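Structure first, commentary second.
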Amino acid sequence: MKSILNNSDMQIYSVASFCKAHGICRGHFYNLLSEGLAPKIIKLGRRTLISCEAAAEWRKQMEQRSEQSIKGTQK
């Protein structure tokens, strides 16, 4: 089975494919998850999936956190 499930209406990442696409390791993903900083997940049986929309929202949130962090250090 492919790591990204394709459908004409949506695309969903597995944890492995999300991590690969975003340049993070699985351990870091699960650390983010435990800290409440990971993208929203979908549980399908034992699988953990991330929608493209959730990934995009997560990237936006990470950019905002990074910008706030940079502004905080420039004061």
Pairs, first basic (Lys, Arg) in segment 32-49, second surrounded by 13 or more Cβ atoms within 10 Å (Cβ to Cβ) and at pLDDT 95 or above, C-beta under 6 Å, six or more apart
Lys40/Ala54
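Residues Ile50, Ile4: which one is surrounded by 14 or more Cβ atoms within 10 Å (Cβ to Cβ) and modelled with pLDDT under 95? It would help to see each step written out before you state the result.
Numbers: Ile50 fails: modelled with pLDDT under 95.
That would be Ile4, the only listed residue that is surrounded by 14 or more Cβ atoms within 10 Å (Cβ to Cβ) and modelled with pLDDT under 95.
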Within segment 25-53, how many residues are basic (Lys, Arg) and either in a helix (DSSP H, G or I) or closer than 21 Å to Arg65 by Cβ (or both)?
2
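The values are calculated or read from the model by the stated rules, or taken from the named source; none is laboratory data. Keep in mind it's a predicted model, so treat the numbers as computed, not measured. Cβ sites come from the backbone with ideal geometry, for glycine too, and all protein chains shown count toward neighbours.
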